[in-house]
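Below is one structure; the comments refer to it alone.
The values are calculated or read from the model by the stated rules, or taken from the named source; none is laboratory data. Predicted, not measured: the structure shown is a model, and the values here were computed from it. Here the Cβ positions follow ideal geometry from the backbone for every residue, glycine too, while neighbour counts run over all protein chains shown.
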Amino acid sequence: MSKQLKTRYSQHFFKKTFFKQLFIENSHHSNINKTDSSVCILLKQYLHTLLTELLLMKRSLGLWIMLLAVNIVFAQNPAKVTIKGSVVDTANMPAPYPTVMLLNPTDSSLINFTRADEKGGFEFKNVRNVPYLLKISLISYQPRQMLLPAHEKEVNDLGNVPIKPISLELMEVVIRTAKSTLSIHGDTIEYDASTFKVPPGSTVEDLLRRLPGIEVDADGNIKSQGKDVNKVYIDGKTFFGDDPKAATKNLGAETISKVQVFNEKSEQAKLTGVDDGQKNKVMNLELKAEYKKGAFGKITGALGDQDRWAARGNYNRFNTKEQFSIIGFGNNINQTGVNWEDYGEFKGQNAYNDFDSGDFGFNSGSGMRFFYSEGGGLTSYFDGRGFTKNFGGGANYNFDNGKKSKLNASYTYNQTDLNLDEYSFRQTFLLDTSFFNNDTLNRGEFRNNHILNGRLEQNLDSNNVLIVKANARISNQDAGSSQSQFFSNSLEKANNRLSTDNDSNRDTWALTSSLIFRHRFKKKGRSFAFSAAFNQNQNDLDERFTTINRFFTANTFTDQIRQLNRDNNGSDEVKSSILYTDALSKKWFWETFYNFSQSTSQNQRRVSDPELNDQLIENLSLFSDNKLLYNRLGSGIRYSHEGVNLSVGLAALQYNLHGEFSRDEDQPLVAPAVDRTFTHVTPNFSADIELLSNLSVNTSYSYSVVAPRFNDLRPVTTFNNPAFRSEGNPNLDPELSHNLSAGMYFWDPASLSSMGLSMDYAIKESQIVYNQVIQSDDELGILSITRPENVSGGRELSSYLWMNRPIIKTKLSLSVNGSLRFSKNPAFVNGVENETKSDGGNISMSLSATPNPKLIFSLTGDFNLTNISYSIQESQNQKIRNTGIDGNLKYQFAKKMFLETNLDYNIFRNDRFDFKQDIPIWNASVRRIIGKANKIEMRLAAFDLLNKRLTINQNGSANYVERRISNTLARYFMLSLSYNVRGYENKLKKNNYW
Amino acid sequence: MKKILFLILLFCPALVFSQPMEGRIRYLVTRNSAKMMASLDYMSKQSRERMSYMWGNRSEWKTYNNLYFTADQTKYEDSEEKAEPDAEGGYSWRKEQFFLKRDFAKSTIYDGRTLMSKPYIVEDTIANQKWRILNDLKEVAGHICMNAMMVDTLRKQKIVAWFAQDLQHSGGPESFHGLPGMILEVDINDGAMTLTADLIEMKKLANELDAPAKVKGKKIKQVDYDKIIKEQIKQRMAEEQPWFWNVPYI
C-alpha cells in the first residue's frame, strides 16, 4: 500500500471513530451545552486545517470529499459567508487594485473574482461557505494564494493580507526584455534562461552573469539576491561533488534550458521532516531536452523463384532544424524506382516545393502554392514493357531554421538494365490502298543517371527573399537493338523485310540553374521580382547502324547499308525575367512583366561509312549552328476580392531564329542561312469565381505561339532508315492556337461528397504536321518521305468529370471518373488531305466498402472506347475497346495477420481486325507482423498467379493504326522480410494520404 | 479647481484607476496543421509522424483577427490585414460568415458562424468556462499576464490562456472568456493553434461592435452547434481522417 493510501486510510479511520463517538455523545446528551459546541468548533477547525493542508499538498478527490463531509457533519456553519480583507505590501502599505480570486482548492478552478479598491480592500459578499483557495494577483507582485477553510461565522475577515513584490529587475529584464515566462512555485521564481542570449561557446558562468538577480564574482562564486549559492544541481542531481563552480565553469551555456534558484531545507530538516528554519540557496540547472531529434528507417529483403530478388531500405535522422536521409534499392522485378511514399520521406520537408518558377507572366502558373518535387531518377516510371534489373540510391539533406534560411541538397543515382522483346502490327492507309508492317524488336539497354540537386532560400530581411537553385544530371544510355520490319501490301503476302541493327551510346549532361529575387515595397501590394537562369545541355550520341533490306518479290535483291552516326548536340540558354506588381486599390492590381531568353545550339550529325575507312557520308551528315532570341513584354490587371479572381492582359512577343546548316563544321553552308522573325500579340484572360462557399467555377482563354524547331527548319533531307526519309522546311511558321478552358468544382462537406468537371478546347489556327509521301521504290520497296508543314483546321477537345459520394457513411462509397476526348487533325498523304478524327471516352466506377475495420474491399470497372476515322479511307475506321475490372480485398484475419489480394481483368478488343485478348492478373499476399513493437514484417506474395501478363498498347492516329504487344514479367513468388524502426501498423490502412 | 479634482479623484477611485475600456486588440493567429495532426490520437502514430516529418515548418499559416471591445461587450472577427505577404498573383478566397458577439452585462452571445459551408446564427446565454488558474507570469503585448488552463472536452483540446493583470475585462478571442483580465494569448494543444495579441489600441469605437448588416443562417443554440461538431468529429474518427479540415479547429 502506498504511503498516500495509508495516510488516507488512517484519516478515514480517525474520522469514522470520531463520528461514532460524537454520535453516541449526542444521543446521550440531547442537550449539548455551549462548551460542548465550542469544543466541536475547535475540533472541526482542527480537522479542517489538517484536511485542507493535506489537500494543498495532495489535491486528491478523496480528501476533498472528506473535507466536504466534515463541513456537512459540523453543519453549524452558516450557509453563506462574506470574505473580506485588505491587501498590503511587505511594508504594510495598502496595495491598490489587486485582483482577488476565489478558486476551488481541489483543482484551482476559478469560482469568483473581484477587483480590490485603491486601499487593497476586497469583499466577497454572501458566497457559499465552503473552502476556497484565495488568490491575489497584482502587477509587479508575486501572486499569493492562501487556503480558506469554510468559516464558522458569517463574516470571514482576513485582515491584512501581505503580498511580496517581484524585484524590478525581474520584471524589467526577465519579463519585458528577455520575454521570459516567470513561473512561481511558492517561494521559488523560475525563468527560462534560454531566452538570454550569450555568444556561442559561452559557459554557464557567462550566462549567469547576465541573469538579473544573480551575481558571479571574479572567482566564480555565485550569489542570488545577495545570498551565497552553495550548491548547484544539474537536473536535480549533484554534479561533481559539492563545488558549485565545477558545473558553472565547465558546462556550455547552450546546454541549459532553465535556471532555478530556490531555498533548500537543511539536511537536518530533510531528515527529520521538521523545519528548523535553516535554509540554503540552491541553484538547479535544467538541461535542454537537446534538439528534438530522432531517427527512423526500414529495410526489406526479398527472394523469389526463378532467381527473383529485391531489396530496399531507407534511413532518416532529424532534429528540429535538419533532416538527413539515405535510400537505396535493387531488384530484378521491374521496380525501376521507389514508390512515392518512400520518396516523400526521403525528401522530407522538400517533398513539396514552393512554386518558384522564374518565368513570370501569363501561363507561368503562379498562385499555386505547392507542387510535388520531381522524382529525380528515383521515381522513374516503368512503362510495363520488358524485363529490367534495377539499382538506385541517394542521400538528401535539408536545413530549415524556421525563419531565415532553407537549404536542400540531394544526390541520387539510378540504373536500369532493360531486355525487351516486342511485336508490333501496323496498318498504314494510302489513298485507296494500304500496307502492313509486322515488326519484331529486340532491345537491350543499360541506362543510368546521376542527379545532383540544390536549392537555397534566404530571407535577407522581411522584405527581400533570394532563391538560388541548380540541378545537374549526367546520364548514359548504352543500347543495342535489332528490329525486323516486314512490309506487305496485303495481310497475307510479305513484300520485303528490313532488318536494322543499331548499337548506340548516348551521353547526356544537363544543367538547369536559376536565381530569383523578390522584393516587397513598403506600400502594401507593391512588389518587384527578378530572375536569371542558365541552362546547358550536351547530348552526344554514337550509333552504329546496319540495315539489310530483303525483297520477296520477283526482282529480288538484297541491299545492305552500314553506317556510323555521331551526333553531338549542345545548347546554352540564358534567361531573365522581371515582374512588377502594384496595388491600384484593395481589390485591383496591376502587373507588368518582361521575359528574355537567348539560346544557342550546335547540332552536329556525322554519318560515316565503316567500309570506307569511316569516311564522311556527306549527304547524310549535317551541322547546324542555331540561335534563338525570345522577347516578351506584357501587362495585365487583376481583380481579387472575396472569391472573385479575374485577370485580363496582353503581351507582345517576338522570336528571332537564325540557323546555319552545312554538311560539317567549317564547311560552306548548304543553303542560305534561315533567318526568321515572328511577332505576335497574345491576349490572356482568366476568371476563378467561388459562386457559393462550396461551388467554384473557372474559365480561361490564352493564345499560344510556339516557334518551329530548328530541326524542322533545316533546308535538307536526312534519314537513318533509308525507307523513312524526313525533309525539312525552312518556310515553316509558328504553331498558333486558341486555348479555352472551363471547369467547376462542387463539394458538400457535410456528406463528404464532391464533384468536378473540366474542359479544354484548342482551336489550332496553325499546326505543324508531318505530311507524307509514300511510294513504291524499286530499291527500297516502300519509301516514306515526311515533310513538316503548317496546316489549319485542327481541333482538340478534352473533358474530365469526377465524383465521390459516400453511400453509407463511413462504410460504403462510390466514385465515378469519366473523360471524353475529340480530336480532328488534318495531314496530307500523297498530296490528299486526310482528316483523322479520334473520338474517345473513358468511364470508371469504383465502389469501396469497409464493413468493419478488419475488412476493406473495392470493385472498379473501367471502360475505354476510341473511334478512329480516316477521311481518305472510311472503310478502315477503327473501334478500339479496352475494358477492365479490378477487385481488391484487404482482410485482417488474425491479430497480426493480413491477406491482400487483387484481380485485375483486362479485355482488349479491335473488331476491325478481329483482335481479342483477355488478360487476367491475379496477385495475392499474406503478411504477418512480428514482435512486441511490431517492427518485423514477413510477407509471402504471389504475382500474376495465372501467368498471363503481357503489355498491350492499341492506338491509331494520322494515317495508321497500331498495336504493340510486349512480353514482361509474369508469374513469380516472393518471400520478404522487413524491419521498420518505427514499427508497422497493426491494422488495415484506410488512407494512404498521410 | 485643483481641490475639486482632488475630491473627485478621492471619491471616485474607479476614475483614477480605469482608462476607458474601449478599443481594438489584433491577434496574430498561427495554425500548424502538423501539430494539429500530432494531437489526433485516433490516427496512426506512423501517419502522424510522417506528416510532421514531411510538412514540419511548412504546415504553419498565419492570419490576423480583431477583437473590438467596450467595458462589457466584445466582437471578434477576421481582419482584412494579411499576416503573411502572399506571393504575386495572390488569390482572394470567398469570405465565410464569421463574427462572435458577447455582451457580458446581459450575459448573451450572438454569433454568426459557418459550419460545413452553411451559415448559422448562434444565440444563447454565456456559458461558464471552467478555467484553472496557474502560477506563471509573462508579458504579452506590453501587459503582464497570468495563465489559466482548461480542457475542451468536445474537441479534446488543452487550452492555455494568458490574461492581463491590468485589463479588467472578461473577454477574449474566439469564444474564450470569463477570466479576471482580458485574454491576450491562447495556446491550443501545445502550439497547434496560437492566438497572440500583437496590437492593443485604446480608442473610442464607432460602429465596429455592430453585427454585419446581413446576417444569414438558421438560428440555433450553442448546444446544437456543438452537437453538429460532435457528430462530424465522430464520423471523421471512424474514417481515420483529420476532422479539422471540415469544422473549425476552435
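Rundown of residues vs (1) within 14 Å of chain B (Cβ to nearest Cβ); (2) modelled with pLDDT under 90; (3) buried (at least 17 other Cβ atoms within 10 Å of the Cβ), yes/no style:
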site	(1), (2), (3)
A:Ile689	yes, no, no
A:Asn698	yes, no, no
A:Pro708	no, no, yes
A:Val716	no, yes, yes
A:Asn720	no, yes, yes
A:Ser737	no, no, yes
A:Leu740	no, no, no
A:Asp748	yes, yes, no
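If the condition is being in a strand (DSSP E or B) and either facing another protein chain (nearest Cβ under 9 Å) or aromatic (Phe, Trp, Tyr) (or both), then the stretch A:310-346 contributes A:Tyr315, A:Asn316, A:Phe318, A:Gln323, A:Phe324, A:Phe329.
Regarding A:Gln349, is this residue out of contact with any Cys (no Cβ under 8 Å at 6 or more places or on another chain), within 11 Å of another protein chain (Cβ to nearest Cβ) and part of a helix (DSSP H, G or I)? So A:Gln349 passes the test.
Taken over the stretch A:936-994, residues that are part of a strand (DSSP E or B) and more than 30 Å from A:Val829 (Cα to Cα) amount to 21. Among the residues that make up the stretch B:92-102, is at least one of them buried (at least 16 other Cβ atoms within 10 Å of the Cβ), farther than 30 Å from A:Lys524 by Cβ and not β-branched (Val, Ile, Thr)? Within the stretch B:92-102, one or more residues are buried (at least 16 other Cβ atoms within 10 Å of the Cβ), farther than 30 Å from A:Lys524 by Cβ and not β-branched (Val, Ile, Thr). Only one entry in A:Leu820, A:Leu847 is under 22 Å from A:Met759 (Cβ atoms) and either among the aliphatic types (A, V, I, L, M) or not in a strand (DSSP E or B) (or both), namely A:Leu820. Among the residues of the stretch B:78-90, is any part of a strand (DSSP E or B) and farther than 30 Å from A:Pro105 by Cβ? Yes, that holds for at least one residue.
Filtered by the rule that a residue be touching a Pro at 6+ places or on another chain (Cβ under 8 Å), assigned to a loop (DSSP other than H, G, I, E, B) and of a type in the set (S, T, N, Q), the stretch A:77-91 gives a lone residue, A:Thr90. Among the residues of the stretch B:157-170, not a single one is away from every other protein chain (no Cβ under 11 Å) and at positive phi.
Taken over the stretch B:212-234, the criterion of being farther than 14 Å from B:Thr114 by Cα and in contact with a Leu (Cβ under 8 Å, 6 or more places away or on another chain) is satisfied by B:Lys230, B:Ile233.
With the structure loaded, tell me whether A:Lys153 is among the basic types (Lys, Arg), over 30 Å from A:Leu251 (Cβ atoms) and either crowded, with 21+ Cβ neighbours inside 10 Å or within 11 Å of chain B (Cβ to nearest Cβ) (or both) or whether it fails that test. Taking the combined requirement at face value, the residue does not satisfy it. Restricting attention to the stretch B:134-152, and to residues there that are more than 8 Å from chain A (Cβ to nearest Cβ) and under 24 Å from B:Ile250 (Cα atoms), which single residue is surrounded by the fewest Cβ atoms within 10 Å (Cβ to Cβ)? Among those residues, the one meeting the criterion is B:Val151. None of A:Ile872, A:Ile921, A:Ile880, A:Ile929 is among the β-branched types (Val, Ile, Thr), crowded, with 16+ Cβ neighbours inside 10 Å, touching a residue at least 24 places away in the same chain (Cβ under 8 Å) and not in a strand (DSSP E or B) except A:Ile872. A single member of A:Phe545, A:Phe623, A:Phe551 is in contact with a Ser or Thr (Cβ under 6 Å, 6 or more places away or on another chain), surrounded by 18 or more Cβ atoms within 10 Å (Cβ to Cβ) and more than 30 Å from A:Leu650 (Cα to Cα), and it is A:Phe623. One residue stands out among those in the stretch A:961-994 that are among the charged types (D, E, K, R) and farther than 25 Å from A:Phe382 by Cα: the one that is modelled with the lowest pLDDT, which is A:Lys990. Checking the stretch A:515-534 against the condition returns a match, with at least one residue being surrounded by 15 or more Cβ atoms within 10 Å (Cβ to Cβ), touching a Gly at 6+ places or on another chain (Cβ under 9 Å) and either hydroxyl-bearing (Ser, Thr, Tyr) or not in a strand (DSSP E or B) (or both). The requirement of being surrounded by 13 or more Cβ atoms within 10 Å (Cβ to Cβ), among the small types (Gly, Ala, Ser) and modelled with pLDDT of 90 or more is satisfied by B:Ala192. Residues of the stretch A:585-598 that are more than 14 Å from chain B (Cβ to nearest Cβ) and surrounded by fewer than 17 Cβ atoms within 10 Å (Cβ to Cβ): A:Phe596, A:Gln598. In the stretch A:676-687, what count of residues is obtained for those that are away from chain B (no Cβ under 14 Å) and in contact (Cβ under 8 Å) with a residue 24 or more places away in the chain? Looking only at that region, the number is 8. Looking at A:Leu969, A:Leu988, A:Leu903, A:Leu977, just one residue is hydrophobic (A, V, I, L, M, F, W, C) and within 14 Å of another protein chain (Cβ to nearest Cβ), and that residue is A:Leu988.
Scanning the stretch B:92-125 for residues that are within 14 Å of chain A (Cβ to nearest Cβ) and farther than 16 Å from B:Asp210 by Cα returns B:Ser92, B:Trp93, B:Arg94, B:Lys95, B:Glu96, B:Thr114, B:Leu115, B:Met116, B:Ser117, B:Lys118, B:Pro119, B:Tyr120.
In the stretch A:408-434, the residues that are closer than 30 Å to A:Glu457 by Cα and in the same structural domain as A:Gly454 (by TED's automatic domain parsing) form Cβ pairs under 9 Å with partners that are among the charged types (D, E, K, R) and not in a strand (DSSP E or B), at six or more places apart or across chains, as follows: A:Asn408/A:Lys347; A:Ser410/A:Lys347. Answer yes or no as to whether A:Asp911 is surrounded by fewer than 14 Cβ atoms within 10 Å (Cβ to Cβ) and either among the acidic types (Asp, Glu) or assigned by TED's automatic domain parsing to the domain that holds A:Ala310 (or both). The answer is yes for A:Asp911.
Is it the case that some residue within the stretch A:764-787 is modelled with pLDDT of 90 or more and farther than 30 Å from A:Val716 by Cβ? Taking every residue of the stretch A:764-787 in turn, none turns out to be modelled with pLDDT of 90 or more and farther than 30 Å from A:Val716 by Cβ. Only residues that are in a loop (DSSP other than H, G, I, E, B), more than 9 Å from chain B (Cβ to nearest Cβ) and surrounded by fewer than 21 Cβ atoms within 10 Å (Cβ to Cβ) were counted across the stretch A:108-150, and they come to 1.
Taken over the stretch A:700-726, the residue count meeting the criterion of being in a loop (DSSP other than H, G, I, E, B), in contact with a Ser or Thr (Cβ under 8 Å, 6 or more places away or on another chain) and either closer than 19 Å to A:Ala762 by Cβ or not assigned by TED's automatic domain parsing to the domain that holds A:Leu736 (or both) is 0.
From the list A:Leu460, A:Leu456, A:Leu407, A:Leu430, the lone residue that is more than 30 Å from A:Tyr381 (Cβ to Cβ) and surrounded by 16 or more Cβ atoms within 10 Å (Cβ to Cβ) is A:Leu430.
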